[in-house]
Structure formats: C-alpha cells, structure tokens
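Coordinate-derived values only; no laboratory data. Just so it is clear, the model here is predicted, and its values are computed rather than measured. Neighbour counts are summed over all protein chains in view; Cβ atoms, including those assigned to glycine, are modelled from backbone coordinates with ideal geometry.
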Amino acid sequence: MTAEIFMLGNCTLYYGDCVEVMKEEIEDNSITLIHTDPPYVIHSDDNMGEMMEKKARKSYDKLIKADISDGFNLDVMIPEFMRVCKAINWQIWCSKKQFIDYLILAKANKWNWQDVCLYRNNALPNVRGKYQDKDYCVHLWKGRTLTGTYHQKRTDYHYTIGGVKEWNHPALKPLEPIENMIPIGSDEGDIVLDPYMGSGTTGVACIKTNRKFIGIEKNREFFDMACERIRYAWNEHMTEERIKHMKEID
C-alpha cells in the first residue's frame, strides 16, 4: 500500500497506518527524536449511566470515535522505534495507566527517563469518580546528551486541553511544552518523527525550532487538518524569515 504524501519545506506528512508507513518509508537509524502523542488507555464504562457527568461522557465518546482511547501496542511499536532511531530518544505522551509501563521499560533496559506533566484546567472525571488531572510525557533516552536551555527543561505546565476551534482535535496539546521539549532531544536540522501526528502540533513545533519533521496519521480528518496547519505554520515561518533577512541587510 502506497501512502498519500504531503510535503512542504522541511515537513513530510504521510496519510496511512503508522506501522506500515514506518516499515515502508522510514530508513534505519535516520531519526534523531520521536515526539508523539499515541492513543491513551482511557476506558469509559457503558454501564455507568447517570453516574458519569454528561460532559465527561461526551468527551470520552469523542476520544473513542476518533480511535484514540485504547492505547498502542508497545510490542509492535518499540522495535520500530529502535530500528528507525539513531539512539533511544523518545518523548511519549501517555495517561496515568500507561506511565508505569514506560518506567518498567526504562528500568529493565537501563534507560534514562524524565517525566513532564501537563496539568489540565478542564480535567475529566474517570469512572471511579476521581479526576484525570494531568497528562504525562515520558522522555526515554540513552546514548545521547540532552541539550536545550534551563527554561526549556521545565517539567510542569498548566493548560486547557482542546477547545481550539481551528484545530478541533479531541486530544489537542498546547504548543509551548512541545516546542520546549524538542530542543532537549534534538539539534537544529535533525529529523523528528511523530507516528501519531493528530492535528500536527509536533510539526508546528519543529517548524518553529528549525527541525525537519515527518508525521504519520491514519485518520483522514486529522491528516487534512495537519496539512492545513503545517501549511499555515510554514508560510508564517517563511514570512518571519523574510522580515528578519530584510532587517539584516538594512
């Protein structure tokens, strides 16, 4: 199966299944950093009925409809991550349910790890009546020295999740934490891969930090959204570069 490809500037976007695209299109040892937000393990109990808030039920249903509520297969993806990356260097968003799996993986393989927390201002209640009040991003690395500034190495952020009308993805992340994390695990000109691209936030962050970007998305609506968003970000970036150049020659 040949994936549909959208290319603009330093960005290459694939429409298709991430495992198939990675196997067919991504070369061994070609990627410096994987920054991705794969499907979370989030389960909504259909028998809860009125015990769940209507707003929470609606939000869970959006995640389920978008096919981003049941996690992803570590046994399949981790070998592919290891194949395409120059070194272990992955920044992976996850839920509380998945967080421990990555820590076990890091300990078993003697990898370095660091968590970054994104505290939700609009948290959803889970089926036990508690609150899923934050998202986790686990950075796993080995064989690479971390870069980035002191400011970029923040480990906690507070934001409202989703709600951006122009990019209506149910699990939309804010740009700032991703724009800060990418320079920690890569240098300018390096290739960053996001196999679960969604609406393209990682790609926008790569444009802003002068990295090359490869994104993969199997949902047509989100792929088209990402293409539009990348096009907008790239045009904005080029305009800024032209203005900067004009100021330099004045």
- line: Assertion target for Cys85, Cys227, ordered by fewest C-beta neighbours within 10 angstrom first, is Cys227, Cys85
query: Going by how many other Cβ atoms sit within 10 Å of their own, how do Phe99, Phe222, Phe213 line up, fewest first?
result: Phe99, Phe222, Phe213
query: Using a simple spin-label model with points 7 Å from Cα along the Cα→Cβ vector, what separation in nm is obtained for Lys153 and Glu25?
result: 3.5
query: Order of Cys18, Cys94, Cys117 from fewest to most other C-beta atoms within 10 Å?
result: Cys117, Cys94, Cys18
